[in-house]
Structure formats: structure tokens, C-alpha cells
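Here's the structure, in C-alpha cells; my notes come after.
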Amino acid sequence: MFDPLPPDKGRLELIKAFLERQRAEVDTIRLYLDIQLDLVGERLSHAEPASGGSAPRDAQRSRPSREDTVPSSGGWAIEWRRTPEGAVPYVVHAADCVFAPRPGPRRARRIDDQNARELLVNGVKACDQCNPDVRLDIDG
């Protein structure tokens, strides 16, 4: 019978270390996916019902305009930064800030006052140009 594992301790320890790193990465991905599923579930609970049978197909084809993702006045936008661990909140902008990134699920999205405050209090950077921390009366 064929045994795929080497007989010596050195190579077995190397394989074990590799497998432990792989398992840690999978656990990280699993945690990220759990967070994303919770966010989608929350969004679904507040979403309006689809008007027709082809809504998901139409939603896949259409891309949000800047107005859909970042409002022209009022409100806040969170800019995301991609990292090896996944997307993380990076900068809070006023929705009408000229430095807010172009819209998209991986770049920016609208947030309300409460979410903006929470992100700023928890260490997410405030835009140096539109100063959402000052506008929300948060001491830095």
C-alpha cells in the first residue's frame, strides 16, 4: 500500500506546520464569510421586495451610479481598502466630498450618522478635506 507521507520527523513537522497555516487561513476566510452573510441578511431584512421575476438578473446587469452609492448632499460615505485579510473600512467622508472614491461595493458605500460616528470612534480615519469628525462633533 502507498503511504503519501514521508517517514522522517523533519518533513512531517514541516507538513504539519503548513497544514496548520492553511487551517488558520480557512478559519479567517470562514469568519469573513460569516460577517458578510450577516451583513447581507441584515440588508435583506430592510430591503424592498422585488417588483418582478427578473429582478436578480436585472440587478446583476445594472451598475449603481454615483448618486446611488454616495449621495450628492447629506450623509456619509465609507471608503474601503483592500488588504490580504479582506476589505476593511479605511476613511470616512462626507457624502458630497470630492475625495470620496467612485462608487462600488468594494470602494465606497453610504452610511448613516450613527455608523459614521462608530467607525470614527473606533479608529477609522476621517477625511482631511471634509472633516466628518468635526461635522459629527467627535473629539479626536
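Couple of notes before you dig in:
- Filter result for R135 (open to solvent by 100 Å² or more (accessible area, probe 1.4 Å), of a type outside the set (S, T, Y) and within 30 Å of Q22 (Cα to Cα)): no
- Counted residues, the range 105-136 - those being under 11 Å from G75 (Cα atoms) and part of a loop (DSSP other than H, G, I, E, B): 2
- The range 1-33, residues that are within 23 Å of the chain's Cα centre (by Cα) and farther than 14 Å from E85 by Cα: R23
- Looking only at the range 112-131, residues that are farther than 16 Å from V88 by Cβ, of a type in the set (S, T, N, Q) and open to solvent by less than 80 Å² (accessible area, probe 1.4 Å) come to 1 in all.
The values are calculated or read from the model by the stated rules, or taken from the named source; none is laboratory data. None of the values given here were measured: they were computed from a predicted structure. So basically every Cβ, Gly included, is an ideal-geometry build from the backbone, and we count neighbours across all protein chains shown. Surface areas here come from the heavy atoms of the whole protein model, side chains and all, with no ligands, DNA or RNA. Shrake-Rupley method; radii C 1.70, N 1.55, O 1.52, S 1.80 Å.
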